[in-house]
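One structure below.
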Amino acid sequence: MTLVAFTYLDVISTCAQVASLLVVLAAAVAAIVQLRHLRASNELEALLTLTAQLRDPHMQRALHFVQTQLEARLGEPDYRHQLARVGFVDAELHPEMEVCNWFNEVGALVKNHLIDEGTFLDLFARLVIYYWSRLTPVVAILRRERGVGQYENFEYLAQLASVWKSKHPQGSYPQNLARLPIEDRWLTLDAESNSP
């Protein structure tokens with residue numbers, strides 16, 4: 001039987017190696033935590049930027065156009081022809097393009113996990129669904145010559161929003177937290193003024 005004798009220097013060397021390994025592991029854990037915080041910070045910044053873009057007066061005018069004038073304009077053959085032909089569609093003449101482009105860009109960000117899907121849908125699912133329903137005729141016209149890839153990220157986002165809304169029909173308020181009472185003081189008066 002052979003006995004291995006450890007010298008004082010062997011013990012110190014082994015302890016130093018173990019300590020070095022622990023330092024490297026701690027640094028790796030700290031790096032992972034920092035990367036997660038950095039990603040969350042970047043996602044928050046992207047979401048705040050998108051919210052600012054949505055609230056921009058130019059975008060607000062385009063959204064209002066889609067709500068109030070687009071349907072009538074689509075009744076005009078020349079207006080539809082401008083959308084159908086391949087090439088540049090002037091957003092000054094077609095404000096709906098600003099809205100389509102914004103939702104398409106956001107869809108790409110969500111699809112590629114650059115923005116958290118759950119957070120975005122919690123904030124904007126109903127808006128996405130509403131504007132997809134308003135803009136579907138525009139997308140259909142644009143796809144006549146351009147193919148189904150046109151505004152596919154907008155379509156993707158609308159599909160995600162529809163699924164999200166079906167899972168959260170009353171919103172995403174925490175179920176274990178009671179709602180605060182809200183009184184609609186004008187409900188009766190408004191109902192009377194809207195009746196025939």
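Values for this structure:
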{"read-out": "Conditions (1) out of contact with any Lys or Arg (no Cβ under 8 Å at 6 or more places or on another chain); (2) without any contact (Cβ under 8 Å) to a residue 60 or more places away in the chain; number of the one not met by residue 129", "value": "(1)"}
{"read-out": "Segment 51-81 - residue that is surrounded by 15 or more Cβ atoms within 10 Å (Cβ to Cβ) and of a type outside the set (A, V, I, L, M, F, W, C) and, of those, nearest to residue 134 (Cα to Cα)", "value": "73"}
{"read-out": "Tally, over segment 119-161, of residues that are buried (at least 16 other Cβ atoms within 10 Å of the Cβ), under 15 Å from the mean Cα position of the chain (by Cα) and of a type in the set (S, T, N, Q)", "value": "1"}
{"read-out": "Some residue of segment 108-126 being acidic (Asp, Glu), assigned to a helix (DSSP H, G or I) and in contact with a Ser or Thr (Cβ under 6 Å, 6 or more places away or on another chain)", "value": "yes"}
{"read-out": "Pick from segment 162-196, criterion surrounded by 10 or more Cβ atoms within 10 Å (Cβ to Cβ) and of a type in the set (S, T, N, Q), ranking: farthest from residue 87 (Cα to Cα)", "value": "172"}
{"read-out": "Failed condition for residue 110, given (1) modelled with pLDDT under 95; (2) β-branched (Val, Ile, Thr); (3) farther than 21 Å from residue 70 by Cα", "value": "(1)"}
{"read-out": "Members of segment 82-118 that are over 23 Å from the mean Cα position of the chain (by Cα) and within 18 Å of residue 147 (Cβ to Cβ)", "value": "83, 84, 85, 86, 87, 88, 89"}
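The values are calculated or read from the model by the stated rules, or taken from the named source; none is laboratory data. Computed from a predicted model, the values in this text were never measured in an experiment. Please note: Cβ atoms are built from the backbone with ideal geometry, for glycine as well, and neighbour counts cover all protein chains shown.
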